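The values are calculated or read from the model by the stated rules, or taken from the named source; none is laboratory data. Note that the structure is predicted; figures quoted are calculated from it, not measured. Methodologically, a virtual Cβ is constructed for each residue, glycine included, from the backbone with ideal geometry; neighbour enumeration extends over all protein chains shown.
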Amino acid sequence: MPISSSSLIRRLLAASGLALALATPAFAQHDHKAHAHGRIELDVAVDAQRISLRMESPLHDLLGFERAPRSVAERGRVTALAERLRAADKLFVLDPAGECQLADAMVEAPVLGLGAAAAPASAASTPAVAPDAEAHADLVLTANFDCRKAAAAQHVDVRLFDAFPGVRTVAAQVAGPRGQGLTMLRKAAARLPLAGK
């Protein structure tokens with residue numbers, strides 16, 4: 001029975017790590033860093049008609065702070081960030097051969113009032129419990145692309161480096177019909193191959 005892309009991405013998201021890490025040697029050898037500034041973790045799942053991405057980043061690298069916004073200007077920056085990330089097809093440009101269109105994108109950052117675990121919109125600027133000023137906070141973007149020929153897509157051009165100057169590396173893991181692999185991306189080499197190594 002084939003695995004659907006939604007099932008595969010749920011597996012990728014499970015248990016705050018990559019479920020495939022337990023099943024595949026390539027992923028098992030990769031140690032996810034816990035909240036490393038300048039480094040984004042990117043998981044990509046390729047299915048017959050869908051390519052799903054899950055990006056996790058320290059808020060500081062995307063926004064400049066890791067707490068609830070304290071001013072109108074900071075709330076404006078949060079709104080602009082959420083809008084930019086929801087336009088995931090501008091940050092992750094899939095190979096045209098896959099004939100993919102962005103289906104949905106969800107941004108989660110509870111400390112900012114974004115996502116399913118966030119406080120209601122009216123409370124977004126004033127969390128019920130003030131976060132520790134020294135605490136670290138992450139943002140998760142999940143984006144799904146519906147594709148006519150997902151397997152034909154050879155790469156994803158990752159444009160995070162230009163969009164967010166605080167990003168220095170992207171640790172990208174790909175799982176799909178052609179295999180699994182880990183690729184470290186940098187500004188000078190920001191094309192992610194979708195074929196396993």
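Structure summary
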| item | result |
| --- | --- |
| Search result, residues across segment 115-158 that are modelled with pLDDT under 90 and of a type in the set (Val, Ile, Thr) | THR126, VAL129 |
| Extreme residue, surrounded by the fewest Cβ atoms within 10 Å (Cβ to Cβ), among residues of segment 71-113 that are more than 12 Å from the chain's Cα centre (by Cα) and in contact (Cβ under 8 Å) with a residue 60 or more places away in the chain | LYS90 |
| Residues being at pLDDT 95 or above and closer than 19 Å to HIS60 by Cβ - total across segment 165-184 | 5 |
| Some residue of segment 65-74 being out of contact with any Leu (no Cβ under 7 Å at 6 or more places or on another chain) and assigned to a strand (DSSP E or B) | no |
| Whichever residue in segment 185-197 is within 20 Å of ARG50 (Cα to Cα) and outside any strand (DSSP E or B) and, among such residues, is modelled with the lowest pLDDT | GLY196 |
| Tally, over segment 139-184, of residues that are touching a strand residue (DSSP E or B) at 6+ places or on another chain (Cβ under 9 Å), part of a strand (DSSP E or B) and of a type outside the set (A, V, I, L, M, F, W, C) | 11 |
